[in-house]
Structure formats: structure tokens, C-alpha cells
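Since every read-out is calculated from the coordinates, none of them should be taken as a lab result. These numbers come from a predicted model, not from an experiment. Quick reminder, even Gly has a Cβ in these numbers, built from the backbone with ideal geometry, and neighbours come from all protein chains shown.
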Amino acid sequence: MKPEASQENLPVSIAVNDPRITRVGRRLRRFRLDETPQFFNVLKGEMSLVGPRPEMISNVNRYKTERPDFVYREKMKAGITGYAQIEGRYNTTAEDKLMLDLMYIERFSLWNDVRLIFRTLTVFFKKVENEVFVETLN
């Protein structure tokens with residue numbers, strides 16, 4: 001994203017053709033390479049490979065108010081991938097992501113994590129085309 005992106009008076013969530021994303025950023029996102037820096041967070045122990053995706057703090061506070069069950073997401077370490085990223089990709093509403101994250105928490109197991117990592121690899125190599133980015137709670 002452009003350095004001044006957080007100061008612009010634009011929606012917080014990323015949208016298709018968002019002017020805050022640079023040309024290089026668009027290419028990285030197209031091939032899902034924009035997430036690779038998060039592997040450093042996994043190596044540092046701050047994140048997990050599989051788990052609920054971290055949310056922006058401003059969204060977390062709003063989501064907790066609108067959906068009290070959102071707090072259950074905080075019981076797991078944030079992850080790079082999960083059901084919401086595999087099943088929903090970038091077309092998922094915040095409410096749908098919450099349902100998928102809660103499903104992951106309920107079904108948590110090492111075997112399930114391994115299975116989700118392999119499923120992620122198949123999604124990872126498909127480029128993102130004409131998808132709508134949605135980040136709102138209904």
C-alpha cells in the first residue's frame with residue numbers, strides 16, 4: 001500500500017481497484033504473495049500457520065459489540081490460513097468469516113491443520129481475478 005494510505009479518507013477495508021494499493025502490491029495480491037511476510041510472525045511465534053486471521057483493532061472492537069461470539073476467536077492464536085481463507089477467499093462477509101473461524105475452533109486438531117495447509121496450497125496457486133473484497137458485518 002502507499003505510505004499515506006492510512007491517512008486517506010477511504011474505507012478501512014480493501015476494495016477492488018483500491019487506489020491505496022501500489023502497482024507492485026496489486027501483482028503480489030493477484031498471486032497471493034502479499035501474505036508471505038507473515039511467515040516471519042509464525043517463525044517468531046506470534047502467529048500460527050492455521051487459525052483465525054487477525055483483524056484490525058478498530059474492526060475487532062466493533063465486531064465484539066455487534067457479535068458477542070466474536071470473542072471466541074481470541075481463544076486461538078491468529079493464523080495465516082483457515083476455513084475463511086480457503087472457502088470464502090476474498091468474497092466473505094465478516095459474519096461468514098466468523099462462522100467459519102468458529103467452525104475451525106470447534107474442530108481444532110493437528111490433523112485438521114495439516115489438511116487445511118494442503119487445501120491452502122491448492123488455493124494459493126490460483127490467481128485472484130475479479131473478486132470483491134468485503135469486510136462488513138451485516
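Rounded to the nearest whole Å³, what is the per residue volume of the convex hull around the Cα atoms of region 15-73?
Per-residue hull volume (Cα only) is 124 Å³.
Select from region 25-64 those trypsin sites (Lys or Arg not before Pro) which occupy a DSSP coil region and have at most 15 other Cβ atoms within 10 Å, ordered by residue number. Mind dumping the intermediate values first?
Values: sites: R26, R27, R29, R30, R32, K44, R62, K64; in loops: R32, K44.
Filter output for region 25-64: K44.
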